[in-house]
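This report refers to the structure that appears directly beneath it.
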Amino acid sequence: MDAMKNAKDKVKETLTGVKNAPGVKNGWFSESEVMWPGQKFSLQVEEVVFHQKSDYQDVLVFKSSTYGMVLVLDGVIQLTERDEFAYQEMITHLPMFAHPNPKKVLIIGGGDGGVLREVVKHPTVEKIDMCEIDDVVIQCAKDYFGESTATAYADPRLNLVQGDAAEYIRREGHERYDVIVCDSSDPVGPAESLFQPAFYEAMANALEPGGITCTQGECQWLHLELIEKVVAACASLFNQVEYGYTTIPTYPSGQIGFVLCSNNPQDGALTSPRRAPPAGMALRYYRPAVHRAAFVLPAFAHAAVQRARAKGGLPARDNEDEEAVAGGGGCIVS
């Protein structure tokens, strides 16, 4: 009888949590956001395991029926256990493998631990600074994603700082880095300052010669105007600016992009890896061929990025298709 009562109480608690959690109705979580109006993405909820309003945002964790544990910030899915690697690996390894010898790395945001998990896989890395504004997100990651994303918080190379990254990176006498990865949420709320020209300038000033930045760059299907603004701003500050993307089912429209920048004067320094993944590196999405393919954009996005590059003072690349045809070595199939 006691076991049956405990089981019923657990079901009651779960249903109460499902009912009261933001975005959850009738056992389904539906993501709705002003940045992608007129559409929703839903996941079936088995159990709401955590919900709290932190000092900065609404934090929700639930167990889904098909995607494992899910982290939601301010009503927007940040990661699911099933597909998070597509994002974490690409935002990390695109800049890390484009650099010949990354030793000092700065992670901005990334409280779920996924970028950190990927950075520590590189044996060249000697120091990792990480600045995350919300300690609730970090604790949630450790409590509920300890076997997926939050596996590297004990790495001795890590220096974890809680604070505003925009302020942190602008400090005088700041460390300079080989790679800066900005794993921010969308440009609203606590992440808004991370999409401003002043922040990109601060990142440029925090790089070692030949250093690389990689920032979350939104979706080409939904945010092309924002992408153009970001690329143009970065093109006025860096020698190299590229937009690449990855596919991920639980992000809006199934894609998310990255803006990579470098003060390296060599053209094409970002679009091909400088090193191969070492033997034994655990990778599920990234590989050198995928690195190169990530920067091949459909015509509409390519045109927008080239306009933005030119607006920022970098030459537009209008001969990529000619080079692809000339170097194809075979027939063209339409």
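The values are calculated or read from the model by the stated rules, or taken from the named source; none is laboratory data. Quick caveat, the model's predicted, so the values are computed rather than measured. Ideal geometry is used to build each Cβ from the backbone, glycine not excepted, and the neighbour counts take in all protein chains shown.
Looking at Ala154, Ala150, which is the one that is crowded, with 21+ Cβ neighbours inside 10 Å, without any contact (Cβ under 8 Å) to a residue 60 or more places away in the chain and assigned to a loop (DSSP other than H, G, I, E, B)?
None of the other options fit; the residue is Ala150.
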Taking the criterion of being in a strand (DSSP E or B) and within 20 Å of Tyr87 (Cα to Cα), would at least one residue in the stretch 234-241 satisfy it?
yes
Taking only pairs six or more apart or across chains, which ones have beta-carbon atoms under 6 Å, a first residue in the stretch 253-277 that is within 21 Å of Val120 (Cα to Cα) and of a type outside the set (A, V, I, L, M), and a second residue that is assigned to a strand (DSSP E or B) and at pLDDT 95 or above?
Phe258/Cys214; Phe258/Gly244
Matching residues in the stretch 211-243 - criterion: being more than 15 Å from Phe300 (Cα to Cα), among the hydroxyl-bearing types (Ser, Thr, Tyr), in contact with a helix residue (DSSP H, G or I) (Cβ under 7 Å, 6 or more places away or on another chain) and buried (at least 23 other Cβ atoms within 10 Å of the Cβ):
Thr213
Among (1) under 22 Å from Cys182 (Cα atoms); (2) out of contact with any strand residue (DSSP E or B) (no Cβ under 7 Å at 6 or more places or on another chain) - the single one Asn26 does not satisfy:
(1)
Note on the stretch 75-89: residues not hydroxyl-bearing (Ser, Thr, Tyr) and not in a loop (DSSP other than H, G, I, E, B) are Val76, Ile77, Gln78, Leu79, Glu84, Phe85, Ala86, Gln88, Glu89
Quick count over the stretch 281-304, residues being exposed (fewer than 12 other Cβ atoms within 10 Å of the Cβ) and among the small types (Gly, Ala, Ser), is 3
So how many residues does the stretch 39-78 have that are under 20 Å from Asp134 (Cα atoms), of a type in the set (D, E, K, R) and in contact (Cβ under 8 Å) with a residue 24 or more places away in the chain?
3
From the list Gly111, Gly163, which one is of a type outside the set (Val, Ile, Thr), farther than 19 Å from Tyr286 by Cβ and surrounded by fewer than 17 Cβ atoms within 10 Å (Cβ to Cβ)?
Gly163
Residues in the stretch 90-135 that are part of a helix (DSSP H, G or I), out of contact with any Asp or Glu (no Cβ under 8 Å at 6 or more places or on another chain) and not basic (Lys, Arg): how many?
7
Out of the residues in the stretch 184-217 meeting the condition of being under 18 Å from Ile256 (Cβ atoms) and modelled with pLDDT of 60 or more, tell me which one is nearest to the chain's Cα centre (by Cα).
Gln216
